[in-house]
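J.: Before I ask anything, here is the structure I am working with.
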Amino acid sequence: METPTQQVYIEDLGKHDGQRVLLRGWLYNLRSSGKLHFLEVRDGTGIVQAVVFAKEVAPELFAAAGKLSQETSIEVEGTVRKHPKEGYEVGVSALRVVAAPTAEYPISPKEHGVAFLMDHRHLWLRSKRQHAILRIRAEIVRAVRDFFDGRGFTLVDAPIFTPSACEGTSNLFEVGYFEDKAYLTQSGQLYMEAAAMALGKVYCFGPTFRAEKSKTRRHLTEFWMVEPEVAYMDLAGDMQLAEDFICFIVQRVLERRRPELAVLERDVSKLENIKAPFPRITYEEALEILKAGGKEVPFGEDFGGDEETVISEKFDRPVLIHRYPRAIKAFYMKTDPTDARLALNVDVIAPEGYGEIIGGGQREDDLAVLEEQIKKHELPREAFEWFLDLRRYGSVPHAGFGLGIERTVSWLCGLHHVRETIPFPRMLERLTP
RNA sequence: UCCACCGUGGCCUAAUGGCAAGGCUCCCGGCUGUUAACCGGGCGGAUAGAGGUUCGACUCCUCUCGGUGGAGCCA
């Protein structure tokens, strides 16, 4: 009497060497050589080669195996053994088709263009590369939570619907809200300030939306951001937190996602370099670097992608640039008490040209100054009355930052475009699938 | 919003004023260790759409649609 064979996931095959196992998955690719077939089977945890020998199975089974088409869902029974070259393979003894594709699978294991792949994103996710990226993304998200949870932060969810802009109304998605209008959030920032006054150390983590008509490798209209905010923390503390945070994430990915980094052919030595302390330079020092690099920028202007790349190339790890001109930063940034032209903010530029991954700083805690900034930025005062309350009732120095998940994933994975870092990217000109 | 480039079988490319070519997928056949397997054969498109120049347009011009990259802006 045979006992039912136990289902085993491909990533666990090494623990079952010599045993008979059941794989349940999909056919990734098939190679055939007359009297034997090599089935590449994937099950979500990995890919393994299943070998069908003509003389080991019934002729019908052998013939059927040779006719399987790509992405047929199949159950395979067989014995785990060492692969002649590396890892493990499964010697097939039984095979069952769960469902045969009703049409030819569009994505062959050959080259395809970006537009075609994006149109088939729902299927593209099945490929090795996308599988690796999504697993690294999940690991980064887990690291984000572990970092803050492990440091006594409280997760506080910010709303998605907001009544007005955080920093101006030009680039928000407007949606109907019963008889009224609402906007999709572009930052949980202001709400985290309120939460920090209640809970001390807080963070939010969720999607944010920008209706900016940007068509670059660094932009999505919907992306995920993690935003910590801490009461009684100043700019120096904020920079320290950002540095610790990035180191933690990079370390975690190196510890747990080596195989996925290998699939992506990521140069991990570049990531192994990412150790504290990170260089900290002022905006004005950054201007000097740009001048020396032949990219002179006048005081008062922000940096574009090219400028960020020139600066990041000077260092082998993320660089913290602090104290930008007050005028080009958000209304809630605290003015530098030692130089009123500057804000107590910090941007973190990732290495290898991946651009800004963090923006943050110390917040303006003086009621009068904040009121003046709202006026200067021509923001509707009424919408910010609740925010001003935070300064009326026990205002304290506080600081925080926002880290863009997709740019971080893109950097750690060594990708060329953020669209591959999120399962279903939302971009200008792309809302499907 | 602006700038540049691209659009050729299901997919990736070639042909740049003269008979639309090749590879992959797919189908048929072969091969007992393949690795985006390989070998042989077959099916499949009148070149995104409209108009124009020309004896002749995939190729040059105009417009439209779609895509890609970048600028601005940002994470």
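The values are calculated or read from the model by the stated rules, or taken from the named source; none is laboratory data. Fair warning: this is a prediction, and the values are worked out from it, not measured in the lab. For neighbour counting, all protein chains shown are included, and Cβ atoms are generated from backbone atoms with ideal geometry for every residue, glycine included. Calculation scope for accessible area: heavy atoms of the full protein, side chains included, ligands and nucleic acids excluded. Shrake-Rupley method; radii C 1.70, N 1.55, O 1.52, S 1.80 Å.
J.: Taking loop as defined by DSSP and a crowding limit of 14 other beta carbons within 10 Å, which chymotrypsin sites (Phe, Trp or Tyr not before Pro) in region A:364-425 fit? Walk me through the intermediate numbers first.
T.: Working: sites: A:PHE384, A:TRP386, A:PHE387, A:TYR393, A:PHE401, A:TRP411; in loops: A:TYR393.
Listed in order of number, the matching sites are A:TYR393.
J.: Determine the per residue accessible area of region A:195-327 with all protein chains present and a 1.4 angstrom probe, expressed in square angstrom.
T.: 47
J.: Now, a different point. Tell me the relative contact order for chain A as a rounded percent, counting alpha carbon contacts under 8 Å between residues six or more apart.
T.: Working: 809 pairs, mean separation 57.6, N = 433.
The value is 13 percent.
J.: Let me ask you something else. Just tell me which lysines come within less than 21 Å, Cα to Cα, of A:LYS67; anything on the same chain fewer than 8 places away is out.
T.: By straight Cα distance, A:LYS67 reaches A:LYS35, A:LYS55, A:LYS110.
J.: Here is a follow-up. What is the gain in length, in nm to one decimal, between A:ARG96 and A:HIS417 on full extension, counting 0.36 nm per residue of separation less the C-alpha to C-alpha distance? Before the final figure, lay out each step's value.
T.: Details: separation 321, 0.36 × 321 = 115.56 nm, distance 3.91 nm.
Fully extending the segment from A:ARG96 to A:HIS417 adds 111.6 nm.
J.: Express in whole angstrom the spacing between the alpha-carbon centres of region A:108-125 and region A:190-230.
T.: That distance is 30 Å.
J.: How are the alpha carbon pair distances in region A:121-421 distributed across 20 Å bins from zero to the largest one, expressed in percent?
T.: Using 20 Å bins, I get a P(r) of 32, 60, 8 for region A:121-421.
J.: Might you report the magnitude of the Cβ-based charge dipole of region A:1-77 about its Cα centre, with Lys and Arg at +1 and Asp and Glu at -1, to the nearest 20 debye?
T.: So the magnitude is around 260 debye.
J.: Another question, then. If packing is taken as the average number of other Cβ atoms within 10 Å across a peptide's residues, how do A:308-321, A:92-105 rank, most packed first? Provide the component values of the computation, followed by the final result.
T.: Values: A:308-321: 19.1, A:92-105: 13.4.
Per-residue Cβ counts within 10 Å, averaged per peptide and sorted highest first, yield A:308-321, A:92-105.
J.: So which GluC sites (Glu not before Pro) in region A:201-288 are both in a DSSP loop and have at most 14 other Cβ atoms within 10 Å of their Cβ?
T.: Working: sites: A:GLU212, A:GLU222, A:GLU229, A:GLU243, A:GLU255, A:GLU260, A:GLU265, A:GLU272, A:GLU284, A:GLU285, A:GLU288; in loops: A:GLU212, A:GLU265.
For GluC sites (Glu not before Pro) across region A:201-288 that sit outside H, G, I, E and B with at most 14 neighbouring Cβ atoms in 10 Å, the list reads A:GLU212, A:GLU265.
J.: Let me ask another. Treating the beta-carbon of each Lys and Arg as +1 and of each Asp and Glu as -1, no other charges, what is the dipole magnitude of chain A about its Cα centre, to the nearest 20 debye?
T.: Working: 56 positive and 66 negative charges, 337 e Å.
In debye, rounded to 20, chain A gives about 1620.
J.: Can you tell me, using C-alpha contacts under 8 Å and at least 6 residues apart, the relative contact order of region A:1-153 as a whole percent? Don't jump to the answer; show the numbers that get you there.
T.: Values: 237 pairs, mean separation 28.9, N = 153.
Normalised by residue count, the contact order of region A:1-153 is 19 percent.
J.: Could you check how much of the accessible area of region A:1-107 is carbon and sulfur, as a whole percent, using a 1.4 Å probe?
T.: Values: 3180 of 6050 Å².
Summing carbon and sulfur atoms, their accessible area is 53 percent of the total for region A:1-107.
J.: Rolling a 1.4 angstrom probe over the protein heavy atoms, how many square angstrom per residue are accessible across region A:10-99?
T.: Values: 4520 Å² over 90 residues.
Result: 50 Å² per residue.
J.: Let me ask another. Can you send over the solvent-accessible area of A:CYS204, 1.4 Å probe, protein chains only, in Å² to the nearest 10?
T.: Answer for A:CYS204: close to 10 Å² accessible.
J.: Suppose every K and R has +1 on its Cβ and every D and E has -1 on its Cβ; what is the size of the dipole of region A:152-256 about the Cα centre, in Debye to the nearest 20? Can you show the working numbers first?
T.: Working: 9 positive and 15 negative charges, 105 e Å.
With only Lys, Arg, Asp and Glu charged at Cβ, the dipole is about 500 debye.
J.: Okay, next question. When only alpha-carbon atoms are used, what values of Rg and Dmax, in angstrom, describe region A:10-99?
T.: 11.7, 32
J.: Hey, which lysines would be in cross-link range of A:LYS295, C-alpha to C-alpha under 24 Å, not counting anything within fewer than 8 residues on its own chain?
T.: A:LYS215, A:LYS314, A:LYS329
J.: Let me ask something else about it. Pop out the ³J(HN,Hα) list for region A:299-310 in order, Karplus 6.51 cos²θ - 1.76 cosθ + 1.60 with θ = phi - 60°, rounded to Hz; leave Gly and Pro as x.
T.: Once rounded to whole Hz, the list reads 4, x, 9, 7, 8, x, x, 4, 5, 4, 5, 4.
J.: Stretch A:GLU352-A:ASP180 to full length: gain in nm at 0.36 nm per residue minus the Cα-Cα span?
T.: Details: separation 172, 0.36 × 172 = 61.92 nm, distance 4.49 nm.
Result: 57.4 nm gained on full extension.
J.: Over what distance in Å are the Cα centres of region A:394-433 and region A:361-384 separated?
T.: 27
J.: Given points 7 Å out from each Cα along the Cα-Cβ axis, report the A:LYS55 to A:GLN7 separation in nanometres with one decimal.
T.: 3.5
J.: A further question follows. Which of the aspartates and glutamates could a cross-linker bridge to A:LYS375, judged by Cα under 15 Å and excluding same-chain residues fewer than eight apart?
T.: List returned: A:GLU167, A:GLU364, A:ASP366, A:GLU385.
J.: Additional query: Projecting each Cα onto the charge dipole of region A:1-91 (Lys/Arg +1, Asp/Glu -1 at the beta carbon, about the Cα centre), which of A:GLN7, A:PHE53, A:GLY87 comes out farthest on the positive side?
T.: Of A:GLN7, A:PHE53, A:GLY87, it is A:PHE53.
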